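What follows is calculated from the coordinates using simple rules that are stated; it is not laboratory data. Please read these numbers as outputs of a predicted model, since none were measured by experiment. Neighbour counts run over all protein chains shown; Cβ positions are idealised from the backbone, glycine included.
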Amino acid sequence: MHFARKGAVRTLAAAAIGFMCAFGASAHSVTVAVGTTFSTLDPYDAPDGMTRICAKSIYEGLFTFDKNLKLVPELAESYSVSPDGLVYTMKLKKGVKFHDGTDFTSAAVKANFDRLLNPENHLGRISIFNFIAKVEAPDPETAVFTLKHPMAGFVRRLATTTPQMICPSYLEKYGKDKKLAQLACGTGPYLFESFSPTEGLRVKKNPNYRVKGLPKLDGIHFIPVVENSTRAAMLRTGEAQFVTPMPLELIKSLQDDPSIVIQTTPSVMSRYLSINTTAAPFNNPKVREAINYAINKEAFCKVAYAGFAVPAEGVMPSMLPGYEKLGPWPYNPQKARELLKEAGYPQGFSTVLWSGYSNSTSAKALQFIQQQLRQVGIKVETKLLEPGVRASDVYGVQNPKDAKHRLYYIGWSDATLDPDFTLRPVLDSRAAPPNFMNTAYYSNPEFDRRLDEAMVETDEAKRAEIYREAQKIVWKDAPWAFLAYEMATAGASRHLKNFTIRADSAFDFYEAEWVD
């Protein structure tokens, strides 16, 4: 997560006012303040989810998730799968136009995926789809995907914010020189106006959108406002009509404001303490168990998240297929001290506790964890990491022996809403840095085998059972201290309807409208 200086935030607030004036102060044009800075508008290269979420105003994919996280077709009409699970044949919707006036056809699908899968283009999201062998366009209304191996969650992965359909004319003009970082042309309900990572994304109504009656807003200005109090103030004064996430410590004070509607929903964002299992004393499972027993999860949710979180009862979110309820780990400091004694640390030990974020909520989380661990004899020195340091000192480490983190507070939210990409990037032994985000350097061949088995299993019931067994393995091994799932939060003007936060912390604004 990146953070702007206060002066930049004030500039953004002024820009929001200017945006409303530019639209003639129309109530049908809204400003949306989000808590992170933006990266690149190119959905195939954007490392952060928020930029891709906002770009969904312009872009559409073959599939998407609705506000209830149900998989639904978007530019696809239907699909079929070959018996061996390797060939997916997509039938496309007819009569769809790109913003440049050209027709959306299977050739556009092929062009977008060919660009992504070409390693010479160095697109950051290629690893999410590198199991695709080829994409063919046998006729304008049919796209055929051939996979290298079965991938049961393939269609769910197509519904994420990465595989969006960019105008072929833009791919041809700007696809190789990174200009798509600043420009956009898709099939979506809004047209691109302007973009910069610091000032945000401006879009206006697409008068020729394929769905009659949509969009209902004249325009949207998405702006990054990283300072909690500034986002809340913009909502209170009307400078912004939608804000996410809400500053947790300010929600209660805003709930009584009749002009504001506070939105909260259980989310898929897991917060956990990654434990470096390769370094002593954490290579001893009793020490990892002791850490889990030492932390009061209920109190953690109240102190760090002002009550807008729930204790983690499993390895992955409850709304995912194959979820297994396993906890939470009970709070038992006496048991923690006994385990430390059995592990050879009757007096405890000293170590370091890092956070992958430098915001105020994470600071509270670290202070709470520090206090809890101190009670059982584990003394920790805390450090909040800035993005650049996090990238180099945690994810850029080439060899586990060189890793200096021991306890690492971090989170994970999977946009595919599929168990494979919920578990694999953060727990598969092959996903350790620098490959991905298994910062615990957790390695259990049986767990890895279960992941691989589930990935190619096309029977959903069998696949879910495999994931249940995989979760039990992780829970027993305790490579993490399983802490909480936070609530997704937002605040909106009471006049703004159908603009809602989702469980994946994205927001649905497809049918958003202003009601006086």
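Figures for the structure shown
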| read-out | value |
| --- | --- |
| The chain: angle of helix 6-22 to the longest principal axis, Cα-based, in degrees nearest 10 | 30 degrees |
| Computed FRET value (nearest 0.05) for Asn399 with Glu77, which takes r as the C-beta separation and R₀ as 51 Å | 0.55 |
| Cβ-based net charge around Gln370, under 9 Å, with every Lys or Arg adding one and every Asp or Glu removing one | +1 |
| Virtual spin-label span in nm between Ala280 and Arg374, 7 Å along Cα→Cβ | 2.7 nm |
| Reachable aspartates and glutamates from Lys476, criterion Cα separation under 14 angstrom, eight or more residues apart if same chain | Glu289, Glu313, Glu324, Glu446 |
| Average Cα contact separation per residue, the chain, under 8 Å, 6 or more apart, as relative contact order % | 19 percent |
| Extended-chain gain in nm, criterion 0.36 nm per residue less alpha-carbon gap, Glu249 and Ser169 | 24.1 nm |
| Gyration tensor verdict on region 266-487 (Cα atoms; rounded if a/c is under 1.5, prolate if a/b is larger than b/c, oblate otherwise) | rounded |
| Crossing angle, helix 106-117 versus the chain [Cα axis fit, 0-90 degrees, rounded to tens] | 40 degrees |
| Gained length - Val211 relative to Ser350, 0.36 nm times residue gap less alpha-carbon distance | 44.0 nm |
| Fully extended contour minus Cα-Cα distance, from Thr142 to Asp459, at 0.36 nm per residue | 111.6 nm |
| [x] 217; [y] 139; [z] 158, with the label sought being that of the calculated volume of the Cα convex hull per residue in Å³ | [y] |
| Sum of side-chain charges, Arg502 neighbourhood, beta-carbon under 10 Å (Lys, Arg +1; Asp, Glu -1) | -2 |
| Lysines whose Cα lies under 26 Å from that of Lys67, excluding same-chain neighbours fewer than 8 positions away | Lys56, Lys91, Lys93, Lys94, Lys97, Lys204, Lys205, Lys212, Lys216, Lys252, Lys325, Lys497 |
| 10 Å beta-carbon shell around Ile410, net charge (K/R +1, D/E -1) | +2 |
| Rounded to 5, the percent of DSSP beta bridges in the chain classed as antiparallel | 75 percent |
| Cα gyration tensor shape for region 201-300, rounded if a/c is under 1.5, else prolate or oblate | prolate |
